[in-house]
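Q: Structure incoming, see below.
The values are calculated or read from the model by the stated rules, or taken from the named source; none is laboratory data. The structure presented is a predicted model; accordingly, all values stated were derived computationally and were not measured. Reconstructed Cβ throughout: ideal geometry from the backbone, glycine too, with neighbour counts over all protein chains shown. In case anyone asks, the SASA skips ligands and DNA or RNA and just uses the protein heavy atoms, side chains included. Shrake-Rupley method; radii C 1.70, N 1.55, O 1.52, S 1.80 Å.
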Amino acid sequence: MNIQILTVGKLKEKYLGDAVAEYKKRLSRFCKISITELTDVKIPDRASLKEQEMVLKKEGDAILASISASAYVVALCIEGGQLSSQAFAETLSRLAIDGKSDICFIIGGSLGLSNEVKSRANMQLSFSKMTFPLQLMRVILFEQIYRCFKILEGSAYHK
């Protein structure tokens, strides 16, 4: 399975980068995982609705250009459905069984994701009704993907 984490913005905090690197190392025995960091578009202070829409459009265009045509796309957004870790693992397993070997998870910028990106997504997923910093969300996503593989192999990690 090939998993791409497509994210707007760079990871700035060393401790979060260390956590991502650790999970990436752990995941290497289960899948090929890559991170694509796109440049975030600067949002003017007190941006108007039109300016915010322009930022979402620019970031959305960059995201769409970075997605493989064959990828199964999971957009992380607040409107998405929520899954337990077990159900998330079952979803990844089902995708693999169905021959969907390229999966792309998208983490948007501070304004979220454009409607075009959400429309391209095969699945919209929300990890919580709470808002998390985008950099922390990357760590949470990596951990949950790792947890999925550990659940699927019957490991005690999930207990």
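Q: Does Leu152 qualify as being touching a residue at least 40 places away in the same chain (Cβ under 8 Å) and buried (at least 17 other Cβ atoms within 10 Å of the Cβ)?
A: In short, no.
Matching residues to (1) surrounded by 11 or more Cβ atoms within 10 Å (Cβ to Cβ); (2) aromatic (Phe, Trp, Tyr); (3) closer than 18 Å to Cys104 by Cα:
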{"residue": "Gly9", "(1), (2), (3)": "yes, no, yes"}
{"residue": "Lys12", "(1), (2), (3)": "no, no, no"}
{"residue": "Arg26", "(1), (2), (3)": "yes, no, no"}
{"residue": "Glu53", "(1), (2), (3)": "yes, no, no"}
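Q: Still on this structure, please answer the following. In the stretch 108-124, what residues are farther than 12 Å from Asp61 by Cα and surrounded by 23 or more Cβ atoms within 10 Å (Cβ to Cβ)?
A: Result: Gly109, single match.
Q: State all residues of the stretch 57-93 that are surrounded by 18 or more Cβ atoms within 10 Å (Cβ to Cβ) and in contact (Cβ under 8 Å) with a residue 60 or more places away in the chain; if no residue qualifies, say none.
A: Ile67, Ala71, Leu76, Phe88, Ala89, Leu92
Q: Which residue pairs have Cβ atoms under 7 Å apart, sit 6 or more places apart or on different chains, and have a first residue in the stretch 99-126 that is in a strand (DSSP E or B) and a second that is open to solvent by less than 20 Å² (accessible area, probe 1.4 Å) and polar (S, T, N, Q)?
A: Filtered contacts from the stretch 99-126: Ile107/Thr7.
Q: If we keep just the residues of the stretch 72-91 that are of a type in the set (S, T, N, Q) and not in a helix (DSSP H, G or I), which is nearest to Leu134 (Cα to Cα)?
A: Gln82
Q: Could you list all residues from the stretch 6-22 that are of a type outside the set (Gly, Ala, Ser) and either in contact with an Asp or Glu (Cβ under 9 Å, 6 or more places away or on another chain) or part of a loop (DSSP other than H, G, I, E, B) (or both)?
A: Leu6, Thr7, Val8, Lys10, Leu11, Lys12, Glu13
Q: Return the residues of the stretch 23-55 that are assigned to a loop (DSSP other than H, G, I, E, B) and among the aromatic types (Phe, Trp, Tyr); say none if nothing qualifies.
A: The answer is Phe30, and nothing else.
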